[in-house]
Amino acid sequence: MTRNAKINTLLLLLVAALAVLPLALGLGDGKEEPFAGADAQAEAAITELRPDYEPWFSPLYEPPSAEVESALFALQAALGAGVLAYYFGVRKGRRQGAAAVAAATPAETPATES
Amino acid sequence: MHIAEGFLPPLHAVAWGAASAPFVVHGVRALTREVKANPESTLLLGASGAFTFVLSALKIPSVTGSCSHPTGTGLGAILFRPPIMAVLGTITLLFQALLLAHGGLTTLGANVFSMAVAGPWAGYAVYRLLRKFDLPLMVAVFFGAFFADLVTYCVTSVQLALAFPDAATGFTGALVKFAEIFALTQIPLAVSEGLLTVLVMRLLMQSSKSDLIRLGVAKLTGSEKQREAAV
């Protein structure tokens, strides 16, 4: 592995460790609902602060189940990842093309001169 | 950091909408100008928006025993400046509000302000400041992304505390409550976002250095300058 690839792998491992450690250490154990979303907790806090508050507008479309919702979240991540992969693919192709041209050019130059 | 649909009183919703709108309009102009002047930017613009798409879909466990998600706005702010990120962030928030019932249309103004305006500007400011002090590019990128992420969640806490002050302790009491939910949870996630942004910036340095030089993010190294001069 090149030095660059090693550093990139290390970065990914660090991110993975940061995500897994709270689970492995059981940091959600004391909670009513371990590892609930912060957004949902904020909603609960609002109802605690203002028990009489009623949301005055509801979403136009709501995923019918948690499964459909997670599917849509996966779709969002996949769309993003797909575009990123396309970007790096195109750049790699261009670099390889340029390198191939550069490699071919010196050999062709004498031929055109003769 | 998404404030759920209907969870801001109408007056607040309108005020945050009015506060965000000029940034988004200005951003749309900046975006069309950039695409016209540098059509080759389009691909990297798409990639920056895609980065926000991926990161804001990842709900990651945190030390507080709850889950939250990064924002992915630091990268675009550093590459294309914050006005353009305001547009890319708004697109992401609209997608989530319309299809996922995550966030909402009435709270869109507030969510745009925290994630697509305040976060990117804060991250960009930190990035520029560190670069001014000649810190290495990747250090500046890390802290830029870190603060873009964290400031977003701090702003959300302020927004909610303004709308729902505590009966006894007022704004401050409510701010502490919301900051405990959002900001504390977000610290390790902001570190993750910083690391991921550094990773993508490293890949960009390898694959698209010419773009980064044109955008003023990277500079030619000594040996590259010599090679350019030789050509």
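The values are calculated or read from the model by the stated rules, or taken from the named source; none is laboratory data. This is a predicted model, so every value here is computed, not measured. Note that we place each Cβ from the backbone using ideal geometry, even for glycine, and neighbour counts take in every protein chain shown. Only protein heavy atoms, including side chains, enter the accessible area calculation; ligands, DNA and RNA are left aside. Shrake-Rupley method; radii C 1.70, N 1.55, O 1.52, S 1.80 Å.
Tabulated results
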{"item": "For chain A: rounded, prolate or oblate by the Cα gyration tensor [a/c cutoff 1.5]", "result": "prolate"}
{"item": "DSSP-assigned coil residues among chymotrypsin sites (Phe, Trp or Tyr not before Pro) in the stretch B:78-122, each with at most 10 further Cβ atoms within 10 Å", "result": "none"}
{"item": "Order of exposure, largest accessible area first, which applies to B:Cys154, B:Cys67 with probe 1.4 Å", "result": "B:Cys154, B:Cys67"}
{"item": "Lysine pairs in the protein assembly as shown with Cα atoms under 19 Å, if 8 or more residues apart or on separate chains", "result": "6"}
{"item": "Whole-Hz couplings from phi, Karplus 6.51/-1.76/1.60, listed for the stretch A:50-63; x for Gly and Pro", "result": "9, x, 8, 6, 10, x, 9, 8, 10, x, 5, 10, 10, x"}
{"item": "Globularity ratio of the stretch A:1-57, using Cα Rg and 2.2 N^0.38 Å", "result": "1.87"}
{"item": "Highest-MSF residue in chain B out of B:Pro188, B:Pro120, B:Pro136 [GNM, Cα springs under 10 Å]", "result": "B:Pro136"}
{"item": "In Å², nearest 10: area of B:His26 left accessible to a 1.4 Å probe", "result": "90"}
{"item": "Charge-dipole axis of the stretch A:1-57 as Lys and Arg at +1 and Asp and Glu at -1 on Cβ define it, positive-most pick from A:Trp56, A:Ala24, A:Ala36", "result": "A:Ala24"}
{"item": "Accessible area in square angstrom per residue, the stretch B:55-148, 1.4 angstrom probe", "result": "29"}
{"item": "Sites A:Thr9 and A:Leu79, calculated FRET efficiency, Cβ-Cβ separation with R0 30 Å, nearest 0.05", "result": "0.75"}
{"item": "Accessible carbon and sulfur surface of the stretch A:1-57 relative to its total accessible area, %, 1.4 Å", "result": "62"}
{"item": "Sparsely packed GluC sites (Glu not before Pro) within the stretch A:1-95, loop by DSSP, other Cβ within 10 Å at most 13", "result": "A:Glu32"}
{"item": "Peptide-level mean, for A:52-62, of C-beta atoms on other protein chains within 10 Å", "result": "6"}
{"item": "Gaussian network model of chain B, Cα within-10 Å springs - most flexible of B:Ala163, B:Ala101, B:Ala125", "result": "B:Ala101"}
{"item": "Unit charges on C-beta of K, R, D, E only; dipole of the protein assembly as shown, Debye", "result": "1760"}
{"item": "Longest to shortest principal axis, alpha-carbon extents of the protein assembly as shown, angstrom", "result": "90, 45, 44"}
{"item": "Ranking by accessible area, most exposed first, for B:Ser66, A:Ser65, B:Ser210 with a 1.4 Å probe", "result": "B:Ser210, A:Ser65, B:Ser66"}
{"item": "Long-range HN-HN contacts of A:Ala36 with modeled amide H, under 5 Å", "result": "B:Cys67"}
{"item": "Accessible surface of chain B, 1.4 Å probe, proportion on carbon and sulfur as whole %", "result": "71"}
{"item": "Summed buried accessible surface, chains A and B, 1.4 Å probe, nearest 100 Å²", "result": "5300"}
{"item": "Chain B: relative contact order as a whole-number percent, Cα under 8 Å and 6+ apart", "result": "23"}
{"item": "Charge dipole (the stretch B:123-231, unit charges on Cβ, about Cα centre) - positive-most of B:Thr221, B:Leu203, B:Phe142", "result": "B:Thr221"}
{"item": "Residue order for B:Asp211, B:Asp134 - accessible surface, 1.4 angstrom probe, largest first", "result": "B:Asp134, B:Asp211"}
{"item": "Förster radius 45 Å - calculated FRET efficiency between A:Val68 and A:Phe88 (Cβ-Cβ, nearest 0.05)", "result": "0.90"}
{"item": "Chain B shape via C-alpha gyration tensor axes, a/c threshold 1.5", "result": "prolate"}
